[in-house]
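Working notes for the structure below.
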Amino acid sequence: MKKLTLSIILLSTIAWAQNPNRSFQSYKKVQNGVEVKTNDGTYYIQPYSEKIVETSFVPNGQQSKDGSHAVIMKPQSVSSKIKDSKKELVIETKGLKTVINKAPFQVKYYYKDKLVTSEKLGYQQVNDSTETIQFNLTKDEALYGAGARVLGMNRRGNRLELYNRAHYGYETESKLMNFTMPIAISSNQYMIHFDNAPIGFLDFDSKKANELTYETISGNKKYQVVVGDSWADMVSNYTNLTGKQEMLPRWAMGNIASRMGYHDQAEVKFVVDKFRRDSIPLDGIILDLYWFGKTVQGTMGNLDWDKDNFNRPDEMIAYNKKQGVKTVLITEPFILTTSSKWDEAVQKDVLAKTKDGKPFTYDFYFGNTGLIDIFKPEAKTWFWNVYKKFINQGIDGWWGDLGEPEVHPKALQHINGSADEVHNIYGSEWAKLVYDGYKKDFPEQRPFILMRSAYSGAQRYGMIPWSGDVNRTWGGLHGQTEISLQMGMQGIPYMHSDLGGFAGNYEDDELYTRWLQYGVFQPIYRPHAQEDVPSEPIFKNLATKELAKQAIELRYQLMPYNYTLVYENSISGQPLMLPLFFEDDSNKELLNVSTTYFWGKNFLVSPIVEKGLKTQQVHFPKGANWFGFYTDEKVEGGQVKAIKTVENSIPTYVRGGSFIPMAKLVQTTEDYNLDEFEVHYFFDQEVKNSSDYIYNDDGKTPNAFEKGMFEKINFSSKVDKSSLKIEIATEKGKNYQGSTKKVKLVIHNAPSNLKLNEGLNGTYDATKKQFIVELALEAVGKSQINFSF
């Protein structure tokens, strides 16, 4: 019996031990971290903060590679203690603690003395082409991350390829898409970022052995463990590590017209004019392939106006600007051998090469092509000069398509490595090229950079990603919330979809309407599709157009709220779309819910993704009462409730005690201001104190907050048994010129005996149970509104 017990203990120890052939030899303190020598290599343990630690392993005979494509944070001067004993070496900060068991060798991580995660087999060279790092998992933790996929929120059980690739016409499942990132996020509230660019796999316990395995072909054996005191704190720490996204220009939050594509400038003018005639707000129009060629095939890489169909581009751009509409152009990194730029690209030596140094050419859908070596300094300069020319002409934004790259032969060589070694970072480097160019040559302009593919950390280049060529079906719509929620957790806040769906000629007005209604509460509002079915609401039948118009108008009325989310993301990394478990991770059912989500902290949204649905199951998080945004219907939190659907909106609720600002409707954000606005307060007797604010600036100037070119309008409420006090106060940066504002305060769910004190005038609407007060708010100052009941 004793022998059996001993055998079980040994098996358990081996299962949780690291590489059995690895043994501890010595350690020493170096710079900000600790160097640990083993028989087969060297570990470097480096705290970045009390909530981030980096571990790297350099096998004997190899050298550490400096730098990172994702990490920009410099290690902070973190106070740490080293404790050495016979059994273990401990590197301890006030937060994270790294424990190295000496025999058997193993690396473990603790936060506030609670085990976070541990290496299982650590680094291993499996064969000539595969290296792995393996971690232990608890049996019940859910896993998220690995980029953009459609698999269900909990991705545990999947072995996921890390190779950016387009998936045309995907619907309810997509294991491989345009964004693959080496990030694992656990429901136990930690992240592991594998800081390595080459292609590989993330195995989220596909063998059901409680293992997380990172596989790659080469590169750094380095990762960062990131923890937090909440989900939001963890994401904020990760974006401290890899960079925060600067604020987008305000117009990017408006309605953008797009399709594949507009054939000439007369068509562009017709579309802009039609939006204006139909009084549907519009802020941008995107020109697809035809701006540089009459045909889809054979013209890519011209990178200049097609002189026949766009013969007066200056006139077109100026006309759009006069209408308050920004012009955006598509570009791709492929230079076809049939394009007008081919000879120049060869002469300037900007293309990726064969092993013998010749331009690498190959066939793909668009023709015979070369690929810009985006990592080469000469190529960056050449490509940026193309962009610079058009920005000077008046172009306001860029669409970078096919940037996986879509076809990237293994034999192709870049200046810094093979195709497979740099494939996943190509899109990030492309975004960086455009971002850096704006910083250098147009420092007073916030860039608009729409990109289909990139790598972890790309948010710091101002990149706006979308979810690829989704099928124009209900199945296609179904996975869009999951993609955006997952990417927000991974630091990419502006992931959005082609509203209405892209691929195919399936036309369903109900689907189109529901997709655009969802779009109100997702980061970028951009209907886009192939030509077979129009993506713009102006071409829909009257009923569908009216429903789309209502959705777009609401998007514009919510601009103060939405633009504040843009600001909050820039300072904290907080995603715009948040999973329900961010607020309640004690309810394990919520760990796999994407059908209902938070838009900011105050909206609860549940898109309709099934045809003809009469009722929608909505999860109402505990800890709050929720009020129908359109109806004021009160629902207690902590339940799943069937909500009757209506034609002109999707189920949308507001947290009790919240302030929701709404602006005066405009047709373009060029006319947007806060001189006159409404603020809707959702009264809840149970919420004794609440507060919120609006952030505002000119919507254009980079780093306006840091430059003091901003204002904030702060709201607060205090409720007791017989009174309600609401305070509205303004503050402004040192370089902001404020204005007196007309504010319409609407109190929802107002008690019937609510009375306004101190001489202000107000009206009570008994039918709607709303109390309305109008007041003037000074540029700097505050107003206090006192009620009794």
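The values are calculated or read from the model by the stated rules, or taken from the named source; none is laboratory data. Keep in mind that what you see is a predicted model, and the values were worked out from it rather than measured. For neighbour counting, all protein chains shown are included, and Cβ atoms are generated from backbone atoms with ideal geometry for every residue, glycine included.
The table below gives the values:
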quantity: 1 or more residues acidic (Asp, Glu): qualifying strands (runs of 3 or more DSSP E) within the range 649-722; calculated: 676-682, 689-696, 711-719
quantity: Residue tally, condition closer than 19 Å to Tyr561 by Cα and without any contact (Cβ under 8 Å) to a residue 60 or more places away in the chain, over the range 615-653; calculated: 6
quantity: Residue within the range 604-616 that is under 25 Å from Ala750 (Cα atoms), surrounded by 20 or more Cβ atoms within 10 Å (Cβ to Cβ) and in contact with a Pro (Cβ under 9 Å, 6 or more places away or on another chain) present; calculated: yes
quantity: Residues located in the range 332-342, provided they are of a type outside the set (Lys, Arg) and either in contact with a Leu (Cβ under 7 Å, 6 or more places away or on another chain) or buried (at least 24 other Cβ atoms within 10 Å of the Cβ) (or both); calculated: Glu332, Pro333, Phe334, Ile335, Leu336, Ser339, Trp342
quantity: Residues satisfying the stated conditions in the range 626-648, i.e. within 28 Å of the chain's Cα centre (by Cα) and either in a strand (DSSP E or B) or in the same structural domain as Val679 (by TED's automatic domain parsing) (or both); calculated: Trp626, Phe627, Gly628, Val640
quantity: Selection status of Glu141, in a loop (DSSP other than H, G, I, E, B) and more than 30 Å from Asp498 (Cα to Cα); calculated: yes
quantity: Wholly within the range 313-374, strands (runs of 3 or more DSSP E) carrying at least 2 residues that are hydroxyl-bearing (Ser, Thr, Tyr); calculated: 326-331
quantity: Total residues in the range 396-411, condition among the hydrophobic types (A, V, I, L, M, F, W, C) and not in a loop (DSSP other than H, G, I, E, B); calculated: 2
quantity: Filter result for Ala624 (small (Gly, Ala, Ser), over 15 Å from Leu558 (Cα atoms) and surrounded by 22 or more Cβ atoms within 10 Å (Cβ to Cβ)); calculated: yes
quantity: Selection count where residues are under 21 Å from Asp229 (Cβ atoms), small (Gly, Ala, Ser) and modelled with pLDDT of 95 or more, scope the range 73-117; calculated: 1
quantity: Residue tally, condition in a helix (DSSP H, G or I) and either touching a Gly at 6+ places or on another chain (Cβ under 6 Å) or of a type in the set (Ser, Thr, Tyr) (or both), over the range 424-450; calculated: 6
quantity: Residue in the range 332-339 that is touching a helix residue (DSSP H, G or I) at 6+ places or on another chain (Cβ under 7 Å) and either closer than 30 Å to Gly457 by Cβ or in contact (Cβ under 8 Å) with a residue 60 or more places away in the chain (or both) present; calculated: yes
quantity: Residue within the range 554-567 that is surrounded by fewer than 22 Cβ atoms within 10 Å (Cβ to Cβ), assigned to a loop (DSSP other than H, G, I, E, B) and polar (S, T, N, Q) present; calculated: no
quantity: Residue under evaluation Ile785, criteria (1) among the hydrophobic types (A, V, I, L, M, F, W, C); (2) closer than 30 Å to Gly708 by Cβ; (3) surrounded by fewer than 16 Cβ atoms within 10 Å (Cβ to Cβ); (4) modelled with pLDDT of 90 or more, criterion not met; calculated: (3)
quantity: Given (1) at pLDDT 95 or above; (2) under 29 Å from the mean Cα position of the chain (by Cα), index of the condition Gly67 fails; calculated: (1)
quantity: Selection count, the range 525-537, where residues are buried (at least 21 other Cβ atoms within 10 Å of the Cβ) and either touching a Cys at 6+ places or on another chain (Cβ under 6 Å) or among the hydrophobic types (A, V, I, L, M, F, W, C) (or both); calculated: 1
quantity: Single match in Ala197, Ala209 (criterion: assigned to a loop (DSSP other than H, G, I, E, B), without any contact (Cβ under 8 Å) to a residue 24 or more places away in the chain, closer than 25 Å to Phe57 by Cα and assigned by TED's automatic domain parsing to the domain that holds Leu121); calculated: Ala209
quantity: Test for Phe659: is it crowded, with 21+ Cβ neighbours inside 10 Å, of a type outside the set (Lys, Arg) and more than 29 Å from the chain's Cα centre (by Cα); calculated: no
quantity: Lys769 vs. criteria of a type in the set (Lys, Arg) and either loosely packed, with under 15 Cβ neighbours inside 10 Å or closer than 17 Å to Pro560 by Cβ (or both); calculated: no
quantity: Test for Asp306: is it of a type outside the set (Phe, Trp, Tyr), closer than 20 Å to Gly397 by Cβ and part of a loop (DSSP other than H, G, I, E, B); calculated: yes
quantity: Conditions (1) among the aliphatic types (A, V, I, L, M); (2) touching a strand residue (DSSP E or B) at 6+ places or on another chain (Cβ under 7 Å); (3) closer than 19 Å to Ser118 by Cα: number failed by Ala209; calculated: (2)
quantity: Unique residue being buried (at least 21 other Cβ atoms within 10 Å of the Cβ) and closer than 30 Å to Glu161 by Cβ when the list is Gln224, Gln265; calculated: Gln224
quantity: Options Ser586, Ser594: the member that is assigned to a loop (DSSP other than H, G, I, E, B) and at pLDDT below 95; calculated: Ser586
quantity: Test: residue in the range 490-498 that is of a type in the set (A, V, I, L, M), assigned to a loop (DSSP other than H, G, I, E, B), touching a strand residue (DSSP E or B) at 6+ places or on another chain (Cβ under 7 Å) and buried (at least 24 other Cβ atoms within 10 Å of the Cβ); calculated: yes
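Here's the yes/no breakdown for (1) touching a residue at least 60 places away in the same chain (Cβ under 8 Å); (2) surrounded by 14 or more Cβ atoms within 10 Å (Cβ to Cβ); (3) among the acidic types (Asp, Glu); (4) part of a strand (DSSP E or B):
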site	(1), (2), (3), (4)
Ser26	no, no, no, yes
Lys29	no, no, no, yes
Tyr44	no, yes, no, yes
Pro47	no, yes, no, yes
Glu54	yes, yes, yes, yes
Phe57	yes, yes, no, yes
Gln63	no, no, no, no
Asp66	no, no, yes, no
Ala70	yes, yes, no, no
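Yes or no, residue by residue, for (1) assigned to a strand (DSSP E or B); (2) within 38 Å of the chain's Cα centre (by Cα); (3) aliphatic (A, V, I, L, M):
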residue: Glu727; (1), (2), (3): yes, yes, no
residue: Asn735; (1), (2), (3): no, yes, no
residue: Ile747; (1), (2), (3): yes, yes, yes
residue: Ser752; (1), (2), (3): no, no, no
residue: Thr763; (1), (2), (3): yes, no, no
residue: Ala776; (1), (2), (3): yes, yes, yes
residue: Ala779; (1), (2), (3): no, yes, yes
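Here is a yes/no grid of residues against (1) outside any helix (DSSP H, G or I); (2) buried (at least 21 other Cβ atoms within 10 Å of the Cβ); (3) on the phi < 0 side of the Ramachandran plot:
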| residue | (1), (2), (3) |
| --- | --- |
| Ile256 | yes, yes, yes |
| Phe270 | no, no, yes |
| Phe275 | no, yes, yes |
| Ser279 | yes, no, no |
| Thr295 | yes, no, yes |
| Asn302 | yes, no, yes |
